[in-house]
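Data block below; observations after.
The values are calculated or read from the model by the stated rules, or taken from the named source; none is laboratory data. Because the structure is predicted, anything quoted here is derived from the model rather than measured. Methodologically, a virtual Cβ is constructed for each residue, glycine included, from the backbone with ideal geometry; neighbour enumeration extends over all protein chains shown.
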Amino acid sequence: MTGYTQISYDVQGPVALVTLDRPEKMNAFTRTMMAEIIDAMDAADGDDRVRAVIFTGSGDRAFCAGADLTPEGGGHVFSDPNPVEDLSDERVRDGGGRLTLRLFNAKKPLISACNGVAVGVGATMQLPMDMRLCADTARFGFVFARRGITPEAASSWFLPRLVGMQTALEWCMTGRIFDAGEALAKGLVRSIHPQQDLLGAALGLAHEIAENTSAVSVAMTRAMLWRLSAAEHPMVAHRVDSRAIYRLSRGADAREGVASFLEKRPPNYPDTVSAEMPDFYPWWDEPGYE
């Protein structure tokens, strides 16, 4: 896909910047935006120059004000003129969930720089991102119960893992809008920044990763923490991390990591996620894996 119309995608050194770009609509979410972000993620994962991806919104009012429910938004389940009776039909699938599942499967660290209002899918799309920073003007809301629907974008899986069950239930049952301070206190965001400093803080975090770590190590670490923290028994994690340590410790990045430490110099890791991921990745696709 080329010629994005609802996002911009810009590679700045080791960082890819994805900007939701409908400022006149407070960056409201559409299926076109969903498809463009997924395509941008494919580009970032396939580009070994990219070591981290930052997401933000255009303008200073909103990160994303939720789903665009207007006709120009391209249609929505709220007003679908051709309802589907078979719930296994592909058309039933939630667009926000398609996006968050793609973000969940990313090989690169994902950083949210939430620059303003983030409600509905504007909030839930940030949940599978690894670090969430926000402006002091940010507002969040899981407003679904106030629209007569339920949480979407797999947020019933993500949100309790980030903020705990009690907070997730309160936010989703009340559907109220809350501020950046509450988001920080409950663990939804990592840090709060003045609007003008937000993107710089996100870039600083992205560069800290890019300049000091192995891309393969980070990709494996991301997959392991997101998946294995939900495993039923630590033995599941032990099986995976044993294989990961065994394979990676014999690679060029491990040799460089030790050498740069002993020589007291910045590392220069040679391995790439396109060529040197361990042979058992993705392990969750193996027959019998649970």
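Per-structure values
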item: The range 98-121, residues that are over 14 Å from V18 (Cβ atoms) and either at pLDDT below 95 or in contact with a strand residue (DSSP E or B) (Cβ under 7 Å, 6 or more places away or on another chain) (or both); result: G116, V117, A118, V119, G120, V121
item: Single unsatisfied condition, L159 versus (1) surrounded by 20 or more Cβ atoms within 10 Å (Cβ to Cβ); (2) in contact with a strand residue (DSSP E or B) (Cβ under 7 Å, 6 or more places away or on another chain); result: (2)
item: From the options I192, I209, residue that is in contact (Cβ under 8 Å) with a residue 40 or more places away in the chain, touching a helix residue (DSSP H, G or I) at 6+ places or on another chain (Cβ under 8 Å) and under 30 Å from V273 (Cβ atoms); result: I209
item: Only listed residue being β-branched (V, I, T) and either out of contact with any helix residue (DSSP H, G or I) (no Cβ under 7 Å at 6 or more places or on another chain) or not in a loop (DSSP other than H, G, I, E, B) (or both), chosen from V273, V216; result: V216
item: Lone qualifier among L159, L169 - being touching a helix residue (DSSP H, G or I) at 6+ places or on another chain (Cβ under 7 Å) and more than 17 Å from M33 (Cβ to Cβ); result: L159
item: Of all residues in the range 69-95 being touching a Lys or Arg at 6+ places or on another chain (Cβ under 6 Å) and in a loop (DSSP other than H, G, I, E, B), the one that is modelled with the highest pLDDT; result: V84
